[in-house]
Each structure stands twice: as C-alpha cells, then as structure tokens.
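S.K.: Attaching a single structure in structure tokens format; questions to follow.
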Amino acid sequence: MHHHSASIAIIGAGLAGLWLAYKLKSSYPSLEIIIIGPPDERCQHVSGWQLKSLTAADPFIEKSTIATFDEWRIRISGGEEVFHKADCFIYKTIDANRLKQNLRQYLSTQEGVFFKEVKALDYRCEDAVWYVRTEYGDISADRVYSSVSHQELSSVRQQFIGIKIREALSNEMFLMDFDIPQNSSAPRFVYALPTDTGYLMELTTFSEQDDPMSDALQVLQQWSIARLGRSFDEDDILEVEQGVIPMDSDYVVQDDVSYLGVAGGAARPATGYAFRQILLQTEFLVSAFNVDEAKSYRHFTRLTTWMDRVFIRVLQNQPYIAEEVFYGIASSLSGDQFSAFLMDESSLKEKLKVILSSPKLPFLKAAFI
Ligand SMILES: Cc1cc2nc3c(=O)[nH]c(=O)nc-3n(C[C@H](O)[C@H](O)[C@H](O)COP(=O)(O)OP(=O)(O)OC[C@H]3O[C@@H](n4cnc5c(N)ncnc54)[C@H](O)[C@@H]3O)c2cc1C
C-alpha cells in the first residue's frame, strides 16, 4: 500500500473540487493539495444569471463561456408565453467540461498539486491528522474538503437529459417550455438555446422517482418540429448530457470535513442552480481558510430557503401545478427581477410579489399544514 500526504485533500474532481483547488492555490501558492477522484469528463453545460456590471469574470470562466442571453421565453401548456428582456442581468452558459479540463491542465502544472485518480472510500481523523482511504492506500492531510455527497436523494429532484445538435436550429432561448406531452405526477419542460458549439435542447422533469425519460429524444424531436419548424437526425447529435440535481441539499460540516458544491448545499432547492453558489462558497472557504468559521456559511437567505421548501412541498402534493407556479412568477416580474429572484438577489418587495403570484390554496396548505 502507498501512502501520500499533503496539507489539503480535496475529495471529488468535479467543478467544486477543482475550483476550490484553483482558488486556494491562487491565494496560498505554497500550499500542497491532493485532489482525489476520477477525472470528470461528463458532458455538462452550466448556466445562470449575473449582473452585467460585475467586473471582468475569471479567465477560466471566460474561456468556457459558449453563450450569453438577455432575452428568453417561458411557455405553458396551451401556448401562453412570457417574454423577458433583461437590461442589468445576463444569462451565461458555460461548457463545464471545458472548464474542468482547463482547470485540471492548469493545476497539473502547479508545484505542490497532485491528482490521485481514484475513489475515496472513507476518511478518519487520528491525532489531528486526516486519513482518506483509497484502494491504493491512505492519503493523509491536515484538512479535508469533500464534494462527494453521502446524503440520500429523498425528495423531489430535477432530472434531465440533453442533446447538442450540430446545426443552429434557432437564435432564441427557451428557458422553460411546458407546452409538451405532460405526465401529471412528474411535470416536465424543454429548455433550449443556441451556443457557439451547437444547439442545446434538454428535457427536465421534477420527480420523486427516478425517471429514465425513455421518450426524451422523441419529445425533443416533436418540440423542435412544433416550435422551430425543424427536425434533426440522430447523426446531428454531437453530445448527450444527463443529470440529477437534488432539491433538498443542505450545507454540511461533518466530523470537521467541509462539504463543497452540491454536496455542501450549493444547489438552490427550487431551481437546481448551483454554479453561482459554488463560486461564492469557494470565495468564503478561501477567505476563511485560516479561521475556524467555515461552519457558519449560509448559501441562501432564510426567506428564500423557506419559500423553496414550501414550493417543494407543493410539488410533492400537486406536481401538475408547477407550470402555473413558474408562469405566475415569470409574469409578475420583469426580466431583471426574475433573474435576481432566481439568483437569490431580489428585494423583499420582489419576493412578496412572487408570494402573491402563487396559487394561494396549495401554498397555504404546504406552508402551514
Ligand atoms: C448535467 C448537469 C447540468 C447542470 N446544469 C446546471 C446549470 O445550468 N446551472 C447551475 O447553476 N447548476 C447546474 N448544475 C448543478 C451544479 O452546478 C453541478 O452539479 C456541478 O457539477 C456541481 O459540482 P460539484 O463539484 O458540487 O459536484 P459534481 O460535479 O457532481 O462533482 C463531484 C465529483 O466527485 C466525484 N466522486 C464521486 N464519488 C467519489 C468518491 N468516492 N471519491 C472521489 N470522487 C468521487 C464525481 O466523479 C464528481 O467528479 C448541473 C448539474 C448537472 C449534473
């Protein structure tokens, strides 16, 4: 058995793990970091809004950005639509696989950064030293961060299947289109947008059960014909993307190990957006590196957490009203207010607007019963 040691061990070489390694190394160049986990080469697109006025983004993020939008549509069954245009916010899509590759490449040139491309089996602490067990031996470190979740996915989760088509089928972005064949216990929508590397179409569902979405390709094909007037061949599919995002994750510090990314509660319960929180969480962890405050980090405001929990209870009780809820929120807010709301940057007044736009009875029941 081999034994390796470093000051920091990061479990999981996904977005959160690599991003933390990059940011820690930038702030503390002499730090020794071991990143433990198989190379993550999944096809993955990650999007979200940010203020246009924010200063220049990180160069790695800039190099991975493949689409930006300030307009989008939200459509419900029957064809009613909300069209949003944002002035202050911009929606960005990142090729997360490219971002991970670039981070890996950069980190592998840094002195004191090591990759162990194996799974962590468990970890323990003895006399203030951490030991991460792998099948090739123990890795010891002064501190451990983990982006690997041990939580059961017990509640509603967002599940999706996406494809990228060679040809640009449209210039428009459809944020949520519920006007597709629905399943009353697992509402679903199409999300579609053009990128520099092809046209991305995803079918997303909210469901408590594992939903294999075996008809995904057929639904996307029908949607493309109905909405864009274009069909695609299987040969046109460049990439397939698949994912599950929990809608009930929480920030966890267990046995003094800091959990990161989605495993550390970065995914917004109601939407699954996690990337922005991963960046903020990392900033916090790096700034708290030399102090013992990492345990008190909160991703979302209390009101947002409460609203999202109520929303998820509504989804569990009456899943089929999801489209009415999203449509109500979208039509009560401007493009900028909607972006701010989804990124948890909205004012109390805007949150109240959202509460008032929601169907009263299901929400009252979910909130108080
Ligand atoms: C397909 C997809 C699309 C998404 N789209 C968006 C989006 O548009 N906007 C947004 O904000 N968020 C999005 N998310 C949510 C979130 O941003 C991503 O899930 C992001 O990848 C989270 O990063 P992470 O490092 O926390 O988790 P992960 O990316 O899941 O990384 C965890 C890593 O740990 C590794 N691992 C697992 N077990 C072990 C083990 N025992 N030992 C070592 N390593 C292990 C895995 O292989 C993986 O590489 C998306 C998620 C997915 C899956």
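The values are calculated or read from the model by the stated rules, or taken from the named source; none is laboratory data. Every value quoted in this text rests on a predicted model; they were computed, and no experiment measured them. Every residue, glycine among them, receives a Cβ derived from its backbone with ideal geometry; neighbour counts consider all protein chains shown.
S.K.: Do you know which residues across region 85-123 are more than 15 Å from the ligand (Cβ to nearest atom) and free of Cβ contacts under 8 Å to residues at least 12 places away in the same chain?
M.R.: GLN105, SER108, THR109, GLU111
S.K.: Since THR93 meets every condition but one in (1) of a type in the set (Val, Ile, Thr); (2) over 21 Å from the mean Cα position of the chain (by Cα); (3) under 30 Å from TYR320 (Cβ atoms), which condition does it not meet?
M.R.: Of the numbered conditions (1) of a type in the set (Val, Ile, Thr); (2) over 21 Å from the mean Cα position of the chain (by Cα); (3) under 30 Å from TYR320 (Cβ atoms), the odd one out for THR93 is (2).
Rundown of residues vs (1) among the β-branched types (Val, Ile, Thr); (2) assigned to a strand (DSSP E or B); (3) under 30 Å from THR305 (Cβ atoms); (4) in contact with a helix residue (DSSP H, G or I) (Cβ under 7 Å, 6 or more places away or on another chain), yes/no style:
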residue	(1), (2), (3), (4)
MET176	no, yes, yes, yes
ASP179	no, no, no, no
VAL190	yes, yes, yes, yes
GLY243	no, yes, yes, no
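S.K.: OK, next. Taking strands (runs of 3 or more DSSP E) that do not extend beyond region 105-162, which have at least 1 residues that are farther than 13 Å from ALA21 by Cβ?
M.R.: It comes to 120-126, 129-134, 137-146.
S.K.: Cβ-Cβ below 9 Å, separation at least six or inter-chain, first residue in region 24-53 and without any contact (Cβ under 8 Å) to a residue 24 or more places away in the chain and over 28 Å from TYR191 (Cα atoms), second buried (at least 21 other Cβ atoms within 10 Å of the Cβ) and β-branched (Val, Ile, Thr): which pairs?
M.R.: none
S.K.: If ASP70 satisfies all but one of (1) modelled with pLDDT of 95 or more; (2) surrounded by 19 or more Cβ atoms within 10 Å (Cβ to Cβ), what's the number of the condition it fails?
M.R.: (2)
S.K.: Within region 146-189, which residues are basic (Lys, Arg) and more than 24 Å from ALA67 (Cα to Cα)?
M.R.: Of everything in region 146-189, just one residue is basic (Lys, Arg) and more than 24 Å from ALA67 (Cα to Cα), namely ARG157.
S.K.: On to the next question. Sort out which residues of region 58-84 are closer than 19 Å to ASP336 by Cβ and without any contact (Cβ under 8 Å) to a residue 24 or more places away in the chain, and write them in order of number.
M.R.: GLU81, PHE83, listed by residue number.
S.K.: Which numbered condition in (1) away from the ligand (no atom under 15 Å from the Cβ); (2) modelled with pLDDT under 95; (3) of a type in the set (Ser, Thr, Tyr) is the only one that SER224 fails?
M.R.: Single failed check for SER224: (2).
S.K.: Is it the case, given these coordinates, that GLY265 is modelled with pLDDT of 90 or more, crowded, with 16+ Cβ neighbours inside 10 Å and of a type outside the set (S, T, N, Q)?
M.R.: Criteria not met by GLY265.
S.K.: Can you tell me which residue within region 150-187, out of those that are within 15 Å of the ligand (Cβ to nearest atom) and modelled with pLDDT under 90, is surrounded by the most Cβ atoms within 10 Å (Cβ to Cβ)?
M.R.: ARG157
S.K.: Of all the residues that make up region 1-54, how many are in a strand (DSSP E or B) and either touching a Cys at 6+ places or on another chain (Cβ under 7 Å) or of a type in the set (Asp, Glu) (or both)?
M.R.: Of the residues in region 1-54, 1 are in a strand (DSSP E or B) and either touching a Cys at 6+ places or on another chain (Cβ under 7 Å) or of a type in the set (Asp, Glu) (or both).
S.K.: Taking region 27-64 as the search range and keeping residues that are surrounded by fewer than 17 Cβ atoms within 10 Å (Cβ to Cβ) and of a type in the set (S, T, N, Q), which one is farthest from the ligand (Cβ to nearest atom)?
M.R.: In this case the residue turns out to be SER30.
S.K.: Hey, VAL144 hits all of (1) crowded, with 16+ Cβ neighbours inside 10 Å; (2) more than 17 Å from ILE312 (Cβ to Cβ); (3) outside the structural domain of VAL118 (by TED's automatic domain parsing) but one; which does it fall short on?
M.R.: That leaves (3) as the condition not met.
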